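The values are calculated or read from the model by the stated rules, or taken from the named source; none is laboratory data. None of the values given here were measured: they were computed from a predicted structure. Positions of Cβ are backbone-derived with ideal geometry, glycine not excepted, and every protein chain shown enters the neighbour counts.
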Amino acid sequence: MIEYNVNDQHRLRIPLQSFSIHAHFYQPPRQDPFTGIIPIESGAAPFSNWNERIHSECYRPNAELGNFERIGFNIGPTLFEWIAGFDPPTIQRIVAQDQTNVRRFGVGNALAQPHHHTILPLATSHDKKTQIIWGIEQFKHFFGREPQGMWLPETALDEETLVALVDQGIRFTILAPWQVEGENLDVTEPYRVPLAGGREIIVFVYDGVLSGKISFDPNATINANQFIRQILNSHFHPEKIQRGEPQLLLIASDGELYGHHQPYRDHFLAHLVNGAASHEGLATTFPALWLKEHPARRSIRIRERTSWSCIHGVARWGGTCSCVPGDQGWKSHLRRALDRFAEKLDGLYFTAISPFIKDPWALRDNYIRVLLGLQPVDDLISETARQRLPEEISLRIRFLLEAQLERQKMYASCGWFFEDFERIEPRNSVAYAAKARQMVHRATGVDLAPELMIDLRGVVSSRSGLRGDQLLNGYLRRSFP
């Protein structure tokens, strides 16, 4: 990144042609909900599991190379928590690299993310709010500052999601070009999106062709200098160059690309943002920094219920979608089963807690403080209830909060992303449901398993014939009572 002298009397001077790499780092939670341990994953050999392998190939090398300082990035909260426990020095490097930008420019390059990678357009209003609040609080806990931007899981959105972001203080997000209205879209500048109640949010639209090249064409990322000269430079608008107008090319990709999906691309990235850019007279930047010098000038409308990895909107996470092969009927059955189960969980939660706590949803939102180790759960309950409750009631509320945590986990997007129900990701969604059932049964004596069992019968693997109710039954035996 080009160095700038910044103080209160001088504006930033960013070259007119700039680009930003945004890397989205995420892995699904892999811990067994009944043991808290990640099982051995043979495909990750010689490592014990995929988290450890990807960490060795991607997260740690990029941190050691200093790449997190010179790109925009977000790291999924559940992944970030795992790294913090597994390799604290890597977390310290990542946070320090964001803080370097805060000291230098007054803004950081890290973005927050909703906590469990839930597809928010498919979530309830309460879940949208909880996921966003939990993501913000986790970000503040590790990075020591408020986030300006938030990366949405799969960039999936609807207007209610954007309103929820703004209501929690988020200024901007990043979208794919097909997620906004308009022909001949100019992706070299940010846009304002008008929202209900006079609100607005800023969106950065990434360059779809460049992002596709860097993500899916290994030949394009062999040489960083050639990437800029032969590919990137041609995406700046000549007429804007002639008029002296600023341009930002934003390139978005999975962060695991850099070293895991494509070996040695961590070194490609390091040279791209450290040497190749300045050799070509370009600056690397990131959205929050760009907005300091170049506020959004135009407005645009979003396309509801869209995402970056499915051209069919959000069908990939709840219906049939040609983005993946095979019979995907199991996805809609799983979505309906978990939605019905979640509705019953929420009803029991609200009914049991509302006599003692005025706003049970605010209690759930604030439960992130317990998860981060910032407050004992009994203190949170007493604080919210404004009195010390009897131990029996407090214990019931603790169980119900644990059930709500597992309920959030079961909606991780990866449960529906791939082609078959037999994969570990959708099986984990059922495991989290089983754990939630165990906690709510302890709290209320109500057993939601029989109805969930019936609803899961239609969830069938086309590969092995495994049914959702059979899988749930196995988990129930582990979680009895």
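Among the residues of the stretch 100-113, the one identified as closer than 14 Å to Ile170 by Cα, small (Gly, Ala, Ser) and assigned to a loop (DSSP other than H, G, I, E, B) is Gly108.
Looking at the stretch 332-441, the helices (runs of 4 or more DSSP H) lying wholly inside it that each contain 1 or more residues that are within 30 Å of Glu41 (Cα to Cα) sit at 368-371, 391-409, 414-417. Within the option set Arg60, Arg53, Arg30, being assigned to a helix (DSSP H, G or I), over 18 Å from Phe268 (Cα atoms) and out of contact with any strand residue (DSSP E or B) (no Cβ under 9 Å at 6 or more places or on another chain) holds for one residue only, Arg53.
Determine whether the stretch 193-200 contains at least one residue that is surrounded by 14 or more Cβ atoms within 10 Å (Cβ to Cβ), in contact (Cβ under 8 Å) with a residue 40 or more places away in the chain and over 12 Å from Ile300 (Cα atoms). The answer is no; no qualifying residue exists.
Taking (1) assigned to a loop (DSSP other than H, G, I, E, B); (2) on the phi > 0 side of the Ramachandran plot; (3) not hydrophobic (A, V, I, L, M, F, W, C) in turn, His116 satisfies each apart from (2). In the set (1) without any contact (Cβ under 8 Å) to a residue 40 or more places away in the chain; (2) closer than 29 Å to Ile38 by Cα, the condition left unmet by Leu389 is number (2).
Quickly run through the stretch 264-282 and pick out the residues that are surrounded by fewer than 20 Cβ atoms within 10 Å (Cβ to Cβ) and either in a helix (DSSP H, G or I) or without any contact (Cβ under 8 Å) to a residue 12 or more places away in the chain (or both).
Scanning the stretch 264-282 gives Tyr264, His267, His271, Asn274, Gly275, Ser278, His279.
Quick one: is Met453 of a type in the set (A, V, I, L, M, F, W, C), under 18 Å from Glu406 (Cα atoms) and in contact (Cβ under 8 Å) with a residue 40 or more places away in the chain? For Met453, the condition - of a type in the set (A, V, I, L, M, F, W, C), under 18 Å from Glu406 (Cα atoms) and in contact (Cβ under 8 Å) with a residue 40 or more places away in the chain - is not met. In the set His294, His235, His261, only one residue is in contact with an Asp or Glu (Cβ under 8 Å, 6 or more places away or on another chain) and buried (at least 18 other Cβ atoms within 10 Å of the Cβ); that residue is His294. Hey, could you check the stretch 80-137 for residues that are in contact with a strand residue (DSSP E or B) (Cβ under 8 Å, 6 or more places away or on another chain) and acidic (Asp, Glu) and say which is surrounded by the most Cβ atoms within 10 Å (Cβ to Cβ)? Going through the qualifying residues, I end up with Asp127. Looking at the structure I just gave you, is Pro355 surrounded by fewer than 18 Cβ atoms within 10 Å (Cβ to Cβ), closer than 30 Å to Ile397 by Cα and either at pLDDT below 95 or not polar (S, T, N, Q) (or both)? The answer is yes for Pro355.
Total residues in the stretch 140-157 satisfying the condition of being in a loop (DSSP other than H, G, I, E, B) and buried (at least 18 other Cβ atoms within 10 Å of the Cβ): the figure is 5.
Scanning the stretch 298-349 for residues that are surrounded by fewer than 14 Cβ atoms within 10 Å (Cβ to Cβ) and at pLDDT 95 or above, we see that the one that is nearest to Gln179 (Cα to Cα) is Arg301.
Residue-wise test of (1) closer than 22 Å to His294 by Cα; (2) under 23 Å from the mean Cα position of the chain (by Cα).
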| site | (1), (2) |
| --- | --- |
| Thr161 | no, yes |
| Asp167 | no, yes |
| Thr221 | no, no |
| Ala224 | no, no |
| Leu249 | yes, yes |
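Can you name the condition, by its number, that Ile94 falls short on among (1) within 30 Å of Gly318 (Cα to Cα); (2) assigned to a helix (DSSP H, G or I)? With respect to (1) within 30 Å of Gly318 (Cα to Cα); (2) assigned to a helix (DSSP H, G or I), Ile94 is out only on (1). Please go through the stretch 119-137 and pick out each residue that is over 12 Å from the mean Cα position of the chain (by Cα), touching a residue at least 40 places away in the same chain (Cβ under 8 Å) and assigned to a helix (DSSP H, G or I). Result: Pro121, Leu122, His126, Asp127, Lys129, Thr130, Ile133, Glu137.
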